[in-house]
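Structure first, then comments.
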Amino acid sequence: MNAPASIETSPRIPAPTGKTACVVGAGFGGLALAIRLQSAGIATTVVEGRDKPGGRAYFWEKETDRGTFTFDAGPTVITDPDCLRELWGLTGHDMAEDVELKEVSPFYRLNWPDGTNFDYSNDEAHLRAEINRVAPGDVGGYEEFLDYSARVFEEGYVKLGHVPFLDFKSMLKAAPALVKNQAWNSVYAMVSKYIESEKLREALSFHTLLVGGNPMETSSIYALIHKLEKDGGVWWAMGGTNRLVAGMVRHFERIGGTVRLGDPVERVTTMGDHVRGVETASGWSGQFDAVASNADIMHSYRDLLGDNVRGQQYAAKLAKKRFSPSLFVVHFGIEGAWPGIPHHMILFGPRYRGLLEDIYKHGVLPRDFSIYLHHPSVSDPSMAPEGMSTFYALVPVAHQGKLPIDWDEMGPELEARILAELERRLIPGLSERIVTKFSYAPKDFAQDLNAHMGSAFSLEPILTQSAWFRGHNRDDVLKNFYLVGAGTHPGAGIPGVVGSAKATAGLMLEDLAV
């Protein structure tokens, strides 16, 4: 099913305000912020160090003698498409001009080692039939859990998801709602209050892993993801997530924005308690009325602001915080079409709690694992040559601070184990069907994205690192330096970083209007 038709609008060109801004990094958060600023008449420049925009939503095209395979780095799950459409609507445009969205159903197929499958979607009749099949007697508990999810969605996403937390008073105002909804409980603990089946507990709690959180420790507020998916669905951008990024860039440039690629920012310059501009590796520099960083939060303070006392002091504070795990991702293109394998799958391993403890607490590389399998060519054949398929298999692993191993040595071994597990459980003869493959490890997150310790999601989303306790959307000391993206409120994931852009843009527009 295609995205619903949008209401006709009248495009307009933003009226210049005479103010300028720079956004460091062209990830989803950075581009969303840049579009908001440019739409308000702030002459905005985005500076990106890599050769393509997207940040974590980078992509590769692999040429083979069988044709071209397209591999998205991720993210691959698009929820709340309205938060994206809003970016175009600011200037009377329609996202459909630049991006074609396709709804994905089921959202996910969950698979356990005993062969049990569970299809999760917002098809209510089918979902209840699935629950009755896999977890008889838990339908009533699921209804109660959905009610809870709706409550925390209203409080955590609708009311607070786009609101900056700049002082502790703002946290105190949110406290009654957090207490009322028992936010001190973990997602898994809250699910377990309603659900008896261990399989269904896993099915309803794994989502926090998609934003870097341990289901056993991440605040139950994150149960809002179920309501978010239920209401808005799960979508795919035709041509790949990279086409959504390209559409954002196209729209940003259409309304007058400037994108500078392949020239990493090396320094954010300051004078007193203000930032002045940026300097890049090529020697280019620019002065701006405001600078926002979509770069890794530690990199932003430790490196980009390393010459400033504020940068040094806050980097030292960040070093004491808990960062999310990293990922090991195997991208592979194979012979044959596989219509029986849905777009998104979770292949659970033999352990759940124990595996999470190994990754988040112990920092070991266990022999077992759970796999998130992405199969975009089943929804979008353009992602692979005719008669071929594109996949990636993602496994959470501890970040380099907990697991300082040589990934050049360990990577090939883990890759082989992951592919062997997929061959055993899902794709017969996989090893003989592979046309092209490559892997992406924690060291690549650290090298390509300046991600602290190779973390894939920035700060871990525990309650004491959320809202005011997370990086602030506007710095407390440097008056015109701002943050956007996973390291600031509300956190990781496409809706999260797009929400952070809305919160940060509100602050910047208010400050620049002075």
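Calculated over region 39-173, the projected area of the Cα convex hull averaged across directions stands at 15.2 nm².
With 0.36 nm allotted per residue and the present C-alpha distance subtracted, the I434-H274 stretch has 52.3 nm of extension available.
If the segment from Q287 to R351 were pulled out straight at 0.36 nm per residue, it would be longer than the present Cα-Cα gap by 17.8 nm. Spin-label model, A96/D406: points 7 Å from Cα along the beta carbon direction are separated by 5.6 nm. So if I take the centroid of the Cα atoms in region 320-348 and the same for region 470-504, what is the distance between those two points in Å? Taking the Cα centre of region 470-504 as reference, the centre of region 320-348 is 27 Å away. Express the Stokes-Einstein translational diffusion coefficient of region 128-232 in µm² s⁻¹, to the nearest whole number, given a Kirkwood radius over alpha-carbon pairs, 20 °C and a viscosity of 1.002 mPa s. Translational D for this selection: 151 µm²/s.
Reported value for the chain: 143 Å³ per residue, from the convex hull of its C-alpha atoms. Taking 25 °C and 0.890 mPa s as conditions, region 408-491 diffuses translationally at an estimated 152 µm²/s according to Stokes-Einstein applied to its Kirkwood radius (Cα pairs). Take the convex hull of the alpha carbons in region 281-373; its mean projected area over all directions comes to 11.5 nm². Given their separation in residues at 0.36 nm each and the Cα-Cα distance between them, V309 and T258 gain 15.3 nm when the chain is fully extended. Taken along the Cα-to-beta-carbon direction at a fixed 7 Å, the label points for D476 and E124 span 4.6 nm.
Computed from the coordinates by the stated procedures, all read-outs in this text should not be read as laboratory data. Because the structure is predicted, anything quoted here is derived from the model rather than measured. A quick note on method: Cβ atoms are made from the backbone with ideal geometry, for glycine too, and the neighbour counts reach across all protein chains shown.
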